[in-house]
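Asks: Just passing along the structure, written as structure tokens.
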Amino acid sequence: MPSRRDPSRLLPQAVAHRGYKALWPENTMAAFRAAVEAGAHGLETDVHLTADGVAVLSHHPVYFTPSPLISPATQDATLTRCFGIDRALKDCTWESLSGVQTIRQPRQSMPRLRDLLAWLVEEDKLAAKEDDDARVRPWVLLDIKLDDDAEHIVEAIRDAISHVVPSPDRPWEKRILLGCWNASVLQACHRLLPSYPLVHIGYSLSYALHFLPLPQTSFNMAFHTLARPLSSQRFMRRLANHHRALFAWTVNHPRWMRWCIQQNGRYRDGPLIDAVVTDDPALYLAVCARHEDDLDGVRADDPHPGMRARGLLVRCAETLGMVVDMATRNVGMTLRFWYRRFVERKLDDLGGVGAQNGPIKHE
């Protein structure tokens with residue numbers, strides 16, 4: 001996204017992870033409203049399927065227990081974390097969920113996908129009425145979860161979209177991105193919503209690259225995979241050479257935010273990172289502003305020498321903590337990837353899916 005100060009600067013867009021999660025209950029209408037008010041360019045949200053086939057916005061954790069001694073039944077995700085309900089979302093009807101509220105204050109209800117889309121249209125009408133060109137009109141990245149059958153959840157998404165008439169100048173195909181973790185969901189999206197752009201979501205660079213031959217497919221990668229030396233730079237440049245958008249998730253520390261921003265100044269042919277997915281869009285936009293201040297030579301007053309020394313110690317400790325955190329994330333995500341791919345067999349390949357459901361056209 002070109003900077004307003006200097007269009008030659010390409011800043012990654014701000015995408016609110018589950019809405020303004022840092023301040024509001026995640027995946028709620030209040031969180032989405034707050035994110036837009038903070039200036040987020042995009043909204044990321046998780047889509048699950050109820051027992052009666054309604055697409056709802058919720059992220060309940062799948063318990064990562066890579067042990068054959070633990071039965072699949074004990075690994076089912078429940079609504080306990082966000083709503084205090086010890087039941088799997090897939091076992092609940094929309095009628096039973098429509099009255100639940102989050103544990104986190106201020107308590108909020110669970111929205112359907114169609115509720116979010118209807119609100120976006122109303123926001124567009126309000127912007128047109130006020131003749132406010134500066135008002136943010138966000139796009140949406142749907143994180144389609146793997147807990148549901150691929151065909152059924154994409155059908156539910158299609159049904160939700162069909163119930164909401166889009167703004168005249170912004171068809172849903174230009175506003176909704178379908179986030180796919182695996183080939184099965186990607187194939188279902190391609191077949192049921194063929195005009196919608198696709199985004200592979202993942203934490204393995206090698207697995208992600210096997211989706212590269214698919215035209216108009218973007219990538220949303222766990223940010224720690226993009227910070228690896230050598231391999232990540234090759235990955236980012238390869239996507240840029242193919243003119244593919246790349247998002248980084250979930251980036252919450254200011255130093256990692258700045259790292260993402262700085263990547264776009266190191267490649268002459270265009271941005272390497274197009275969007276940063278974060279729990280705190282206001283913080284990210286503030287980091288963008290400070291980055292531009294530095295480029296423009298606008299600096300805060302120098303602190304007292306004693307404060308500078310203390311600040312150096314804090315930064316060293318912070319850097320060490322970030323290195324440890326990054327190493328831990330890489331190990332954890334690698335184990336998770338292997339478990340989901342080879343034990344659960346949920347991260348399937350395009351070849352196997354295509355053989356069953358027909359081929360997807362490649363470049």
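No lab work stands behind these numbers, since they all come straight from the coordinates. Small disclaimer: the values here were computed from a predicted structure and weren't measured. Every residue, glycine among them, receives a Cβ derived from its backbone with ideal geometry; neighbour counts consider all protein chains shown.
Asks: If you restrict to DSSP beta bridges whose two residues both lie in the chain, what percentage is antiparallel, to the nearest 5?
Replies: Working: 8 of 40 bridges.
Roughly 20 percent of the DSSP beta bridges within the chain come out antiparallel.
Asks: Quick one: dipole size for segment 79-217, taken about the Cα centre, charges +1 on Lys/Arg Cβ and -1 on Asp/Glu Cβ, in debye to the nearest 20.
Replies: Values: 17 positive and 20 negative charges, 46 e Å.
Dipole magnitude for segment 79-217 comes out near 220 debye.
Asks: What aspartates and glutamates does K129 reach when the alpha-carbon gap must be under 20 Å and sequence neighbours fewer than 8 apart in one chain are set aside?
Replies: Candidates past the 8-residue exclusion: E37, D169.
Asks: In µm²/s, what is D for segment 1-53 at 25 °C and 0.890 mPa s, where D = kT/(6 pi eta Rh) by Stokes-Einstein and Rh is the Kirkwood radius from Cα pairs?
Replies: Working: Rh = 12.4 Å.
So the translational diffusion coefficient is about 198 µm²/s.
Asks: So, by mean Cβ neighbours within 10 angstrom, what's the order for 17-24, 118-125 with the highest one leading? Please report the intermediate quantities before stating the final value.
Replies: Working: 17-24: 24.4, 118-125: 16.2.
In descending order of packing, they fall as 17-24, 118-125.
Asks: Would you list, by chain and number, the lysines whose Cα falls below 27 Å from the Cα of K346, excluding same-chain residues fewer than 8 positions away?
Replies: Correct list for K346: K90, K145, K361.
Asks: Could I ask something else about it? Given H placed on each backbone N at 1.01 Å, which residues far from I201 in sequence or on other chains put an amide H within less than 5 Å of it?
Replies: Under 5 Å from the amide H of I201 lie the amide H atoms of C180, W181, N220, each far enough along the sequence or on another chain.
Asks: What's the exposure ranking of E318, E155, going from fewest to most Cβ atoms within 10 Å? Each step should come with its number before you reach the end.
Replies: Details: E318 12, E155 17.
In increasing order of surrounding Cβ atoms, one gets E318, E155.
Asks: Further, regarding this structure: Please name whichever of L239, P229, L49 sits farthest to the positive end of the charge dipole of segment 13-357, dipole taken about the Cα centre and charges placed at Cβ: Lys and Arg +1, Asp and Glu -1.
Replies: P229
Asks: Hey, what angle do you get for helix 150-162 against the long axis of the chain, alpha-carbon based, 0 to 90 degrees rounded to 10?
Replies: 80 degrees
Asks: Order of H48, H163, H190, H291 from fewest to most other C-beta atoms within 10 Å?
Replies: Values: H48 27, H163 11, H190 21, H291 18.
Fewest-to-most Cβ neighbours within 10 Å comes out as H163, H291, H190, H48.
Asks: At a threshold of 8 angstrom on Cα-Cα distance, excluding pairs fewer than six apart, so keeping six or more, what relative contact order does segment 13-357 reach in percent? Could you put the intermediate results ahead of the total?
Replies: Details: 556 pairs, mean separation 59.4, N = 345.
It comes to 17 percent, rounded to a whole number.
Asks: Counting other beta carbons within 10 Å of each residue's own, what order do V287, V100 fall into, fewest first?
Replies: On the way: V287 23, V100 17.
With the fewest neighbours first, V287, V100 line up as V100, V287.
Asks: Work out from phi, with θ = phi - 60° and the Karplus expression 6.51 cos²θ - 1.76 cosθ + 1.60, the ³J(HN,Hα) of each residue of segment 249-256, listed in order in whole Hz, and give x for Gly and Pro.
Replies: 10, 9, 9, 10, 8, x, 5, 6
Asks: Please give the direction-averaged projected area of the C-alpha convex hull for the chain, in square nanometres with one decimal. Let's see the in-between values first.
Replies: Values: hull surface 82.0 nm².
Taking a quarter of the hull surface, the average projection is 20.5 nm².
Asks: Pick out, from L212, A16, W259, the residue whose Cα sits farthest towards the positive end of the charge dipole of the chain, with +1 on the Cβ of Lys and Arg and -1 on the Cβ of Asp and Glu.
Replies: After comparing all options, I get W259.
Asks: Using only C-alpha atoms and all pairs of different ones, pull out the Kirkwood radius for segment 110-221 in Å with one decimal.
Replies: For segment 110-221, the Kirkwood estimate is 15.1 Å.
Asks: Same structure, new question: Using the per-residue mean of other Cβ atoms lying within 10 Å as a proxy for protection, in what order, highest first, do the peptides 145-151, 228-234 fall?
Replies: Values: 145-151: 18.1, 228-234: 12.1.
Highest-to-lowest ranking by the protection proxy: 145-151, 228-234.
Asks: Based solely on its DSSP helices, what 222 nm [θ] is calculated for the chain when runs of n ≥ 4 H residues each add -39,500 (n - 2.57) and the sum is averaged over all residues, nearest 500 deg cm²/dmol?
Replies: On the way: 13 runs with 146 residues, N = 363.
So the calculated ellipticity at 222 nm is -12500 deg cm²/dmol.
Asks: In debye, nearest 20: dipole of the chain around its Cα centre with unit charges on the Cβ of K, R (+) and D, E (-)? Intermediate values should be presented prior to the final figure.
Replies: Numbers: 44 positive and 43 negative charges, 222 e Å.
Computed about the Cα centre, the dipole is about 1060 debye.
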